[in-house]
Amino acid sequence: MNNLLQNPKIKNLLYFLGGLLILFLLFNYVLMPWFVYSAEVQVPKVVNLQQEAAIKILEEAGLDPVIGDTSYIENGFTENAIILQKPNAGETVKKGRRIFLVLSGGEPTTVVPMIKGKSITNARFALERVGLKIGEISEVSSDNPKDLVIAQQFIAGIKLKKGMMIDVSVSAGQTEGQIEIPNLIGKSLNEAERILNESFLKVGKINYQPSFDLLPNTVKDQYPSPGSRLNQGDAVDLFITKNVETKDEINTREE
């Protein structure tokens with residue numbers, strides 16, 4: 001018997017069989033009972049809670065919270081709130097189980113496009129493509145074509161929540177008034193003001209320009225031009241001469 005034990009092959013075989021026996025005993029009496037009978041817990045509900053609070057609750061329950069994704073959905077969840085958990089609340093799992101969480105990124109936002117200069121129809125389409133809507137439409141008299149957007153409530157490039165409305169101003173087109181504008185060129189400022197008042201118009205902006213040939217306070221030009229039509233109470237801009245001493249002074253100032 002001793003001779004057999006001294007045989008290297010026999011000794012290696014016995015070591016091998018002994019190792020198998022030890023592994024069997026560990027698996028059968030240690031690992032399997034732990035796997036089968038390890039502590040179980042009920043998954044707590046963390047949906048609607050903020051990320052930090054949800055993680056704390058799950059960890060205190062002996063579970064392993066894992067942030068799986070962030071989602072932008074229109075359902076009223078605040079930013080960083082838990083909107084989904086797997087396994088679901090109430091399920092019984094073993095301690096240490098991973099609980100996958102989906103975070104809310106808040107309400108979805110979009111970038112305001114440039115709609116100034118577009119027709120109202122194209123502006124509406126441009127806003128709808130990014131999840132926005134046309135709000136109040138105000139018509140403004142202008143020299144631009146009718147229904148062209150000439151102003152938008154929010155500048156292009158800023159972020160807004162999807163679904164918001166943007167008010168716009170659109171051109172009402174050129175509207176001809178009932179009053180013909182008199183010719184004021186060559187008249188004095190006082191006379192021009194009197195003529196406009198008699199026509200139920202008024203003086204608008206006064207732009208002073210140097211002139212060597214005309215007397216000071218003489219109307220050199222006007223806008224709109226004579227013969228155009230305005231509505232009652234509209235203004236006419238005047239270009240009025242002012243006194244200068246020499247032609248050299250005019251040239252110097254124009255340079």
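The values are calculated or read from the model by the stated rules, or taken from the named source; none is laboratory data. For clarity, every value in this text was computed on a predicted model and none was experimentally measured. Ideal geometry is used to build each Cβ from the backbone, glycine not excepted, and the neighbour counts take in all protein chains shown.
Within this structure, Val66 fails the test of being β-branched (Val, Ile, Thr), in contact with a strand residue (DSSP E or B) (Cβ under 9 Å, 6 or more places away or on another chain), surrounded by 14 or more Cβ atoms within 10 Å (Cβ to Cβ) and outside any loop (DSSP other than H, G, I, E, B). Within segment 86-126, being assigned to a loop (DSSP other than H, G, I, E, B) and either more than 18 Å from Val47 (Cβ to Cβ) or of a type in the set (A, V, I, L, M) (or both) holds for Ala89, Lys95, Gly96, Pro108, Val112, Pro113, Met114, Ile115, Lys116, Gly117, Lys118. Exactly one residue out of Ser141, Ser171 is touching a strand residue (DSSP E or B) at 6+ places or on another chain (Cβ under 9 Å) and either basic (Lys, Arg) or buried (at least 16 other Cβ atoms within 10 Å of the Cβ) (or both): that is Ser171. When segment 76-85 is limited to residues that are part of a loop (DSSP other than H, G, I, E, B) and of a type outside the set (Ser, Thr, Tyr), the one that is farthest from Ala61 (Cα to Cα) turns out to be Gly76.
Among the residues in segment 149-166, are any touching a strand residue (DSSP E or B) at 6+ places or on another chain (Cβ under 9 Å), of a type outside the set (Asp, Glu) and more than 30 Å from Ser119 (Cβ to Cβ)? No, that holds for no residue. Candidates are the residues of segment 56-93 that are modelled with pLDDT under 90 and charged (D, E, K, R); the one that is farthest from Ala39 (Cα to Cα) is Glu74. Once segment 227-248 is narrowed to residues that are among the charged types (D, E, K, R) and more than 27 Å from Asp143 (Cβ to Cβ), the residue that is modelled with the highest pLDDT is Lys242. Looking across Glu176, Glu193, one residue alone is of a type outside the set (Val, Ile, Thr) and either at pLDDT 90 or above or in contact with a Ser or Thr (Cβ under 6 Å, 6 or more places away or on another chain) (or both). It is Glu193. Select from segment 68-100 the residues that are closer than 24 Å to Lys162 by Cβ and among the aliphatic types (A, V, I, L, M) and list them in ascending order. The answer is Ile73, Ala81, Ile82, Ile83, Leu84. Asn122 passes every criterion in (1) of a type outside the set (Asp, Glu); (2) more than 16 Å from Lys162 (Cα to Cα); (3) not assigned by TED's automatic domain parsing to the domain that holds Lys159 apart from (3).
Tallying residues that are small (Gly, Ala, Ser) and either modelled with pLDDT of 95 or more or at negative phi (or both) within segment 150-173 yields 5. A Cβ distance below 7 Å, combined with a sequence gap of six or more or placement on separate chains, defines the contacts here; from segment 26-55, residues that are modelled with pLDDT of 60 or more reach residues that are outside any helix (DSSP H, G or I) and exposed (fewer than 11 other Cβ atoms within 10 Å of the Cβ) in the pairs Glu40/Thr92; Gln42/Gly90; Gln42/Thr92; Val43/Gly90. Go through (1) exposed (fewer than 14 other Cβ atoms within 10 Å of the Cβ); (2) closer than 29 Å to Thr241 by Cα one by one and return the number of the condition Gly177 breaks. Every condition holds for Gly177 apart from (1).
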